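Below: the structure, in structure tokens.
Only the coordinates and a few stated rules stand behind these numbers; no lab work does. Just so it is clear, the model here is predicted, and its values are computed rather than measured. Counting neighbours? That spans all protein chains shown, and the Cβs are built from the backbone with ideal geometry, glycine included.
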Amino acid sequence: MEQTAPFIGSRPAAEQRHWGEWIIEKLIQVAGLSTIVIIGLIFFFLLREGLPAFFEVPLRTLLGGRWYPIENLFGLWPLLVGSLLVTAGAILIAVPLGLITAIYMGEIAPRWQREILKPLIEMLAGIPSIVLGFLGWVVLAPLIQQAGASTGLTAFTGSIILAYMSLPTIISSSEDALSAVPTEYRDGALAIGATQWQTIWRVVVPAARSGIVIAIMLGIGRAIGETMAVLMVTGNAANVPALGLGMFFQPVRTMTATIAAEMGEVANGSVHYHTLFAIGILLFVITFAINSLAGRLVGTQGKRRRSSQL
Amino acid sequence: MSNKIEVRNFSFFYGSFQALHDLNLDIQANQITALIGPSGCGKSTFLRSLNRMNDAIPGAHAKGEALLDGKNIYAPDVDVAELRQRIGMVFQRPNPFPQSVYDNVAFGPRVLGKPKKGDLDQLVTESLQNAALWEEVKDRLRDSALELNPGQQQRLCIARAIAIKPEVILMDEPCSALDPVATLSVEDLMRRLAETYTIVIVTHNMQQAARASHYTGFFWLGKLVEFNRTNELFGRPKDPLTESYISGRRG
């Protein structure tokens with residue numbers, strides 16, 4: 001400061017500052033609004049292209065079990081089942097594995113192991129999904145076929161690949177949630193004579209529940225929206241497998257894979273085209289439902305905690 | 001009078017740093033023993049070494065003996081979880097689990113085994129009554145423990161500790177986060193608990209030690225300078241260091 005400015009800067013400087021503020025404020029505003037506008041446009045476009053399908057295709061066909069676009073049969077059921085099967089399988093694998101890994105890293109592993117594991121897991125998150133799909137195709141599928149499935153390209157193969165894709169998200173977010181649990185809780189449990197495992201399972205994990213739920217939801221979100229790897233390893237047969245454990249070991253086709261595989265060859269504006277967008281709407285609704293469910297679960301938890309901190 | 005805990009030539013180290021030097025004292029059964037001294041004098045380290053809460057700190061180790069009913073706490077065949085069931089602990093900041101009032105008290109019994117529902121209900125009720133909290137929470141057993149006020153939370157932690165019927169209760173500045181009214185109610189409670197349990201309390205507050213304890217130990221730089229009946233120690237301190245500390249000239 002070369003010049004003393006007792007209370008406010010000299011007039012020109014103040015004016016300049018005022019303009020600077022105004023420009024920054026507007027820039028931030030535009031950036032923020034543009035995101036909202038673009039999301040709105042995407043949603044609008046999705047609806048415009050997808051909604052006609054619900055008028056062009058009879059509802060009974062849409063809810064039916066046969067997806068044969070050439071014969072004008074657009075049953076979404078097998079695709080929905082395919083997505084749910086692959087995702088459910090992925091969750092069944094990824095949630096226990098991810099949670100246990102997070103617990104190991106956060107609560108049990110000595111410091112030096114943690115320092116190796118953490119970056120490794122973050123690296124796993126950085127592997128492009130297509131590479132994982134490739135590995136699934138070349139390595140995993142033959143193994144599964146050898147194990148007795150009629151083909152290696154099954155829902156289960158997709159589940160494993162998806163599980164490993166969502167694991168880094170689940171592990172690192174859960175680990176963050178666990179390490180945010182105050183040490184006092186652990187001390188309290190240990191001082192009563194709880195073993196380390198009892199302390200983790202009965203106190204630390206429940207205390208981190210809301211963070212773990214978010215972690216799992218984020219993982220599911222990643223799994224259900226994933227396309228390419230799943231397209232490569234699930235066999236892409238749009239049929240509804242018979243109920244039972246065997247259904248995981250049959251080829252399926254997911255909603256995302258259907259859009260990716262068929263969008264290139266449909267005529268713009270055709271019924272098939274509209275139906276593919278309708279699948280997009282369905283995916284959107286599912287993801288939205290998962291997110292708001294997660295939001296609600298976390299919201300009630302957070303509220304309870306806040307009200308207690310008087 | 002019998003000795004519940006006998007400490008013989010006990011030293012404690014954090015790595016190469018010696019936090020406690022060659023302590024010798026007897027903690028009497030069913031009495032309240034207060035440990036006083038300035039911050040960093042080792043009184044908390046000593047307290048936490050009695051139920052081996054320091055074990056988790058890398059490099060921490062003990063020398064000498066601390067005998068609980070004649071059996072060394074640091075003997076290799078001691079099961080730490082079992083030891084802590086006999087020597088419970090209440091911490092400086094109330095640390096109830098983010099669970100219901102009931103589940104907090106039931107935590108210990110559940111960890112120890114699978115109590116029957118009826119027995120558990122009775123145990124929870126008894127523990128809360130003994131911790132002088134029952135009247136305040138009997139209609140809020142299902143509410144989150146975090147909704148109680150700090151004084152109630154601390155008494156809940158005491159209820160949680162006594163629910164497994166320990167023999168000794170260690171209290172690490174249990175009142176430092178509480179207001180004067182809550183402090184007095186916890187002190188009252190301590191006096192009543194001493195009929196059943198042996199209590200060791202670390203406190204910064206010399207009035208509290210003088211008011212509430214039967215025996216007092218004065219720690220200075222990791223050494224036990226003086227240990228005596230509380231009225232003796234405060235009335236006729238033998239060591240000039242004790243005298244200057246309790247009269248407020250040092251510390």
If you average the C-alpha positions of the stretch A:107-137 and of the stretch B:57-96 separately, how far apart do those two centres end up, in angstrom?
38
Gaussian network model of chain A, Cα within-10 Å springs - most flexible of A:121, A:28, A:224:
A:28
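By the gyration tensor of its Cα atoms, with a ≥ b ≥ c the square roots of the eigenvalues, what is the shape of the stretch A:76-130: rounded for a/c under 1.5, prolate for a/b over b/c, or oblate?
oblate
Assuming 0.36 nm per residue, please report the length gained on full extension of the stretch residue B:30 to residue B:221 beyond their Cα-Cα distance.
My answer for the length gained is 65.9 nm.
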Residue A:47 versus residue A:127: modelled label distance in nm, points set 7 Å from Cα along the beta carbon direction:
4.1
Counting pairwise Cα distances across the stretch B:171-214, what percent come out greater than 11 angstrom?
65
Counting only Cα, what are the radius of gyration and maximum Cα-Cα distance Dmax of the stretch A:11-50, in Å?
17.3, 58
Mind giving me the nanometre distance, one decimal, between the label points for residue A:242 and residue A:184, set 7 Å out from Cα along Cα→Cβ?
6.0
For the stretch B:160-251, which chymotrypsin sites (Phe, Trp or Tyr not before Pro) pass both filters: DSSP loop (anything but H, G, I, E, B) and at most 14 other C-beta atoms within 10 Å?
none
Quick one, what does Rg over Rh come out to for the protein assembly as shown if you take C-alpha atoms and the Kirkwood Rh?
1.13
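Stick to the Cα atoms of the stretch B:3-246, pair each with every other, and give me the Kirkwood hydrodynamic radius in Å at one decimal.
For the stretch B:3-246, inverting the mean 1/r across all distinct Cα pairs yields 18.4 Å.
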For the residue A:72, residue A:31 Cβ pair and Förster radius 45 Å, calculated FRET efficiency rounded to 0.05 is 0.50
How much of the DSSP bridge set in chain B is antiparallel, in percent, rounded to the nearest 5?
60
If a helix is a whole DSSP H run, which ones in chain A reach 27 Å or further along their own axis (Cα) and hold a mean Kyte-Doolittle hydropathy of at least 0.0?
A:11-50, A:77-103, A:155-179, A:271-308
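Using 0.36 nm times the number of residues separating residue A:14 and residue A:197, minus their current alpha carbon distance, what extension gain do you get?
Extra length available between residue A:14 and residue A:197 comes to 59.7 nm.
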Which whole number gives the average count of other chain Cβ atoms within 10 Å of the Cβ atoms across peptide B:142-149?
3
Given springs between every Cα pair under 10 Å in a Gaussian network model of chain B, which of B:16, B:185, B:127 has the largest fluctuation?
B:16
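What do you get when you divide the Cα radius of gyration of chain A by 2.2 N^0.38 Å, with N the number of residues?
1.31
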Which whole-percent values make up P(r) of the stretch A:161-282 when all C-alpha to C-alpha distances are grouped in 5 Å steps starting at zero?
2, 10, 13, 13, 13, 11, 9, 9, 7, 6, 4, 2, 1, 0
Could you pull the Cα extents of the stretch B:70-178 along its three principal axes, largest to smallest, in whole Å?
45, 37, 22
What is the antiparallel percent of DSSP beta bridges lying wholly in the protein assembly as shown, to the nearest 5?
60
Relative contact order %, chain A, counting alpha carbon pairs below 8 Å whose residues are six or more apart
25
Of the candidates A:65, A:188, A:20, which one comes out as most mobile in a Gaussian network treatment of chain A with C-alpha springs shorter than 10 Å?
A:20
Note to self, chain B gives a 222 nm [θ] from helices alone (DSSP H runs n ≥ 4, -39500 (n - 2.57) apiece, / all residues, nearest 500) of -10500 deg cm²/dmol
Can you flag which of B:71/B:116; B:63/B:165; B:114/B:165; B:114/B:138; B:116/B:165; B:4/B:116 are past 25 Å Cα-Cα?
B:71/B:116; B:63/B:165; B:4/B:116
Between the alpha carbon centres of the stretch A:34-52 and the stretch A:220-286 the gap in Å comes to 21
Starting from the Cα of residue B:72, step 7 Å toward the Cβ, then list every residue of the stretch B:39-53 with an amide N under 17 Å from that point.
B:49-52
How would the stretch B:11-73 be classified by its alpha-carbon gyration tensor: rounded, prolate or oblate, with rounded meaning a/c under 1.5 and the a/b versus b/c comparison settling the rest?
oblate
Cα-based Rg (one decimal) and Dmax (whole number) for the stretch A:4-99, in Å?
27.5, 83
